[in-house]
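Here is the structure we will look at, set down as C-alpha cells.
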Amino acid sequence: MRRVLLTALGLALAACSPAGPSASTEEAIGSRVAARTLVLAFREPGTLTTRPLGEAGQSRTMVRELFNAQIAQRDDRGEFRPYLVEALPQLHTDTWRVLPDGRTETTYRLKPGLVWHDGTPLSPEDFVFSWQVHSNVAFGMARVPPFAFIESVTASDNRTFMIRWARPYPAAATLSSPSGATDDEFQPLPRHLLEQDVRELPDNFAHHPYWTAEFVGLGPYRLEGWEPGAFLEARAFDRYVFGRPRIERVKATFISDPNTIVANLLAGEVDVSTDNSIGFENAQVLKRAGWNGTIMTTAATSWRITFFQFRPNLVSPRAILDLRVRKALAHAVDRDGINEVVAGGNLDLADSMLQAGEEFGPAAARGAEKYGYDLRRSAQLMSEAGFSRGGDGFYVGPEGRFSASLSTALSAGFEQEIYIMADGWRKTGYDVQEIIIPTAQALDFELAASFPAMTTRTTRAGPSGVVNFTTQAIPTPENRWVGQNRAGWSNPEYDQLVDRFNTTLEPSERAQQVETFVRILTSDLPAIPLYFNSGTFAYAAGLRGVQSVPAGGNQLSNLHEWELQ
C-alpha cells in the first residue's frame with residue numbers, strides 16, 4: 001500500500017508540473033522517479049570509503065559504487081574506462097614515462113567541473129593529501145599497493161597531478177592493484193574537510209566520523225543520514241560525473257540474516273539484495289515461493305579458504321604446525337559435497353586464488369599442488385606424523401588427542417559450510433569443533449587473527465589476492481592488526497616473487513612468477529583452498545537497467561542509469 005500511494009502521489013505531481021522547453025530532461029527524470037526509494041539490503045558496512053585506514057571486513061561493492069568515484073572504473077565488459085580523468089595514462093607516452101633509472105611517472109588530468117558531495121571542487125591537491133595520509137606508516141596502509149610503490153605525488157595545476165613511482169608498477173594507469181582490482185585503488189580524500197584533523201588528532205583519525213556518518217564522496221549518491229544498526233539513506237548527486245542518477249533516493253537497510261532478507265524481498269519491502277547478502281539456498285527459497293524478481297549469479301571476485309594458525313604463541317594444538325597434519329586435514333575435506341549442499345554444485349572449486357579463465361589461470365594450475373578428497377592419503381599422512389586412532393575413533397599423537405576448533409563469521413550460507421567440514425573431519429578421526437563468530441566480533445581485526453587452530457574466511461581472489469599471503473600482510477599490533485594474512489605464515493621466497501610480480505610489466509615473465517609462487521604457497525599449505533565465491537544478486541521486477549555481465553564485468557557501473565518503476 002505504501003508503494004501504491006507513493007506512486008500515485010508521484011504521478012499526480014508529474015501531472016501538475018509545468019510543460020515546455022524550460023524543463024530539462026534531467027528535471028523530468030527526477031520528478032518521475034522521486035516517488036520511489038530504492039531499498040537495498042546488506043550487512044552494515046564499517047565505512048563508506050573504498051580505502052579506509054584499516055580494514056572493515058568484507059568489501060561492500062554496492063557501497064563503493066554508490067558513494068565513491070576514482071580514477072578508473074571497470075565497465076560491464078570488465079574493461080577500464082576513465083572515471084574522474086579525461087584519459088588513462090598510456091605506456092611509453094608523455095602520460096606514462098619510464099625513466100632511465102627504472103622509475104616511472106604517470107600524469108592524470110581531471111575532467112572539468114568535478115565537485116565533492118558538499119559542492120567543493122575536486123582538486124589535484126586532494127590526491128596529494130590522500131597520498132600523504134596513506135603513506136603515513138601510523139595508519140597501516142603505507143606498505144600495501146599501490147602506496148608502497150609511490151615515491152611522490154605532486155599537483156601541476158588545478159586539474160593535473162603527477163605520480164612518481166619508485167619502481168615499475170603494472171597498474172599505474174588505473175591506480176589500482178597490480179592485477180587491476182578496483183577495491184585497491186588510490187582514492188582522493190577531501191583535504192578541505194580532513195587536513196586539520198589529521199594534523200591535530202592523528203591518533204584518532206582512523207576513527208574520524210568522516211569514514212562513516214559524515215562521509216563526503218564523489219559517487220552517484222550522497223549520504224543523507226546513517227542510523228547505526230538500522231539503515232542509511234542517500235540522495236541522487238546532481239553533479240555526478242556521468243549525470244544525475246535516475247533514481248532519486250536510496251535506502252540501505254542493514255540486515256545480517258539472509259532469511260530475513262528473503263522474507264523482505266517476498267514482502268516487497270526490499271528491492272535488491274547485494275554483496276552476497278543471500279546465498280544459493282536462499283535464492284532457491286525465492287524461486288519456490290514464486291517471487292517474480294530476477295536472481296543472478298555474479299562473477300567470483302573472492303574465494304573461500306580455511307586458514308591454519310602459524311603463530312607459535314597462539315596455535316593449539318601445536319600439531320597444526322606439522323605440514324603432514326595440515327595436508328592430512330586438507331585431503332579429508334569433501335569439497336564436492338560442500339559445493340552440492342551449499343550451492344547445488346554451482347561453485348567452482350579452487351586450488352589457488354586464480355581461476356582457470358583468468359590471464360594467469362593456466363600458470364597457477366601448473367604450479368598448484370592439489371588436495372583431492374582422499375581419506376586413505378589423509379590417514380597415511382597422520383600416521384607419518386605419529387598419530388593413530390584411539391578407542392573412541394579420534395586421532396591421538398605424541399602430545400595427546402588431536403582436538404582443534406574451526407571458526408567462521410556469521411554470513412549467508414557459511415555456517416552450513418563449516419558444519420559440513422567439521423562433521424566430516426569428526427567422522428574420519430579429527431576432533432574438530434565448529435565456532436560461529438557473531439557479526440560484530442567478526443569486525444574485530446585482532447580477534448580475526450587470533451584463532452587457535454583454523455578459521456574459514458572469504459578473501460580476495462585473482463592476482464591481487466597473492467599479496468594476502470606475504471609477510472607484510474600479517475596482522476600485528478604494530479600495524480593495528482591490518483592485513484589479510486591471518487595465518488601469520490611467512491616465506492621469504494614467496495615474498496620476493498610477489499614483489500617481482502608486482503613490478504614486472506611483461507606478461508610472460510609474470511606468468512612464470514605466478515607458477516612458482518603458487519607452487520610454494522600450495523606445497524607449504526598455510527590455508528586449505530575451498531572454492532571461488534560466486535555471489536547471488538536478487539532484484540525486484542520493477543527495477544530496470546541492471547546489467548548481466550561476464551566474469552570481470554562491473555554489474556554496477558551503470559548504477560546511475562537504473563530506473564525503478
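Computed from the coordinates by the stated procedures, all read-outs in this text should not be read as laboratory data. Because the structure is predicted, anything quoted here is derived from the model rather than measured. Because the Cβ atoms are built from the backbone with ideal geometry, glycine has one as well, and the counts that use them run over all protein chains shown.
Structure summary
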read-out	value
Projected label distance in nm at LEU314 and GLN433, using a 7 Å step from Cα toward the beta-carbon	1.9
Pairwise FRET efficiency - LEU410 versus SER152, Cβ, R0 = 30 Å, nearest 0.05	0.10
Among GLY219, GLN132, PHE280 - extreme Cα towards positive end, dipole of the chain, charges at beta-carbon	PHE280
MRE, 222 nm, helices only [DSSP H, n ≥ 4, -39500 (n - 2.57), over the chain, to nearest 500]	-8000 deg cm²/dmol
Label-to-label distance, nm, for residues given as GLN441 and ALA263 (7 Å Cα→Cβ offset)	2.4
Length-normalised contact order for the chain - Cα pairs under 8 Å, 6+ apart - percent	20
Dipole in debye (nearest 20) - the stretch 69-194, about Cα centre, beta carbon charges: Lys, Arg +1; Asp, Glu -1	180
(1) 30; (2) 16; (3) 46, with the label sought being that of the calculated percent of Cα pairs over 39 Å apart	(1)
Residues whose placed amide H lies under 5 Å from that of THR298, excluding near-sequence neighbours	GLY535, THR536, PHE537
HN-Hα J in Hz across the stretch 135-141 - Karplus 6.51, -1.76, 1.60, θ = phi - 60°, x for Gly and Pro	8, 6, 4, 5, 9, x, 10
Residue order, fewest to most surrounding Cβ atoms within 10 angstrom, among LYS370, LYS327	LYS370, LYS327
Cut-off under 5 Å, modelled amide H: who pairs with VAL39 long-range	LYS251, ASP271, VAL272
Helix 258-267 vs. the chain, principal-axis angle (Cα, 0 to 90°, nearest 10)	40
Electrostatic dipole magnitude of the chain [Cβ: Lys, Arg +1; Asp, Glu -1; Cα centre; debye, to 20]	620
Ordering of 221-227, 36-42 by packing [mean C-beta count within 10 Å, highest first]	36-42, 221-227
Cβ-based charge dipole, the chain, positive-most Cα from TYR395, PHE469, VAL250	TYR395
Listed residues GLY293, LEU194, ALA356: farthest to the positive end of the dipole of the chain (Cβ charges)	GLY293
Within-10-Å neighbourhood charge of LEU99 [Cβ basis; K, R +1; D, E -1]	+1
Whole-angstrom gap from the stretch 428-489 to the stretch 108-177, using each part's C-alpha centre	29
Long-range HN-HN contacts of LEU543 with modeled amide H, under 5 Å	GLN565
Paramagnetic label zone (point 7 Å from Cα along Cα-to-C-beta, ARG164; backbone N under 11 Å) in the stretch 97-119	103-105
Cα gyration tensor shape for the stretch 193-282, rounded if a/c is under 1.5, else prolate or oblate	oblate
Estimated FRET transfer efficiency when R0 is 51 angstrom, pair GLN132-LEU349 (beta carbons, to 0.05)	0.70
Gained length - ASP94 relative to GLU493, 0.36 nm times residue gap less alpha-carbon distance	140.1 nm
Straight-distance crosslink candidates among lysines, where the alpha carbon sits under 21 Å from LYS327 and sequence neighbours closer than 8 are dropped	LYS370, LYS427
Cα long-axis angle, helix 414-427 against the chain (0 to 90 degrees, to the nearest 10)	0
In nm, spacing of pseudo-spin labels at GLU478 and VAL115 (7 Å Cα→C-beta vector)	4.6
Three semi-axes of the equivalent ellipsoid, the stretch 69-194, Cα gyration tensor, whole Å, largest first	20, 18, 15
DSSP beta bridges in the chain [antiparallel fraction, %, rounded to 5]	75
Note, ³J(HN,Hα) from phi for the stretch 60-73, Karplus 6.51, -1.76, 1.60, rounded to Hz, x at Gly and Pro	10, 4, 4, 4, 4, 6, 5, 10, 10, 9, 9, 4, 9, 9
Peptides 500-508, 487-495, 120-128 ordered by average Cβ neighbours within 10 Å, highest first	120-128, 487-495, 500-508
Size of electric dipole in the stretch 447-565: Cβ of Lys, Arg +1 and of Asp, Glu -1, about Cα centre, debye, nearest 20	340
